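Presented below is the structure to which this report refers.
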Amino acid sequence: MHLPSREQCNWIRNKVELRQFDTPSDIDRQVMLSRILETDEFHNFTSTKFNTLKRFGLEGCEAMIPGMKAAMEAIR
């Protein structure tokens with residue numbers, strides 16, 4: 001952590017690093033599942049609709065998009 005302020009460093013640690021130990025509620029789990037399913041469905045749609053175009057797949061990164069969405073919501 002190359003931040004000059006200890007306060008900023010602790011804020012990032014509390015918001016990002018320590019959240020992994022929180023147990024998500026049932027509603028949060030349902031939201032995460034629906035986001036993963038949306039991501040997979042979008043991937044299937046683009047592979048069917050644009051099968052001749054070069055595109056990047058989501059194999060192994062399906063959870064990254066819902067994770068990024070949750071991180072953006074946490075910052076707001």
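Please treat every number below as a calculation from the coordinates, not as lab data. Note that the structure is a prediction, hence the values are computed from the model and not measured. Methodologically, a virtual Cβ is constructed for each residue, glycine included, from the backbone with ideal geometry; neighbour enumeration extends over all protein chains shown.
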**Prompt:** Just how large is the dipole of the chain about the Cα centre, in debye to the nearest 20, putting +1 at every Lys and Arg Cβ and -1 at every Asp and Glu Cβ?
**Reply:** 320 debye
**Request:** Can you spot the aspartates and glutamates whose alpha carbon is less than 16 Å from residue 15's alpha carbon? Ignore those fewer than 8 places along the same chain.
**Result:** 7, 73
**Mean residue ellipticity (222 nm) of the chain, computed from DSSP H runs ≥ 4 via -39,500 (n - 2.57), nearest 500** = -18500 deg cm²/dmol
**Complete:** Residue separation between residue 76 and residue 32 times 0.36 nm, minus their alpha-carbon distance, gives in nm 14.0 nm
**Prompt:** Which listed residue (27, 5, 39) has the Cα farthest towards the positive end of the charge dipole for the chain, taking +1 on Lys and Arg C-beta and -1 on Asp and Glu C-beta about the Cα centre?
**Reply:** 5
**Item:** Charge tally in the Cβ shell below 13 Å around residue 35, where Lys, Arg are +1 and Asp, Glu are -1, residue 35 excluded
**Value:** -4
**Request:** Go ahead and run the numbers for FRET between residue 68 and residue 11, Cβ-Cβ distance against an R0 of 22 Å, rounding to 0.05.
**Result:** 0.65
**Net length gained if the chain between residue 25 and residue 44 were fully extended (0.36 nm per residue, minus Cα distance)** = 4.0 nm
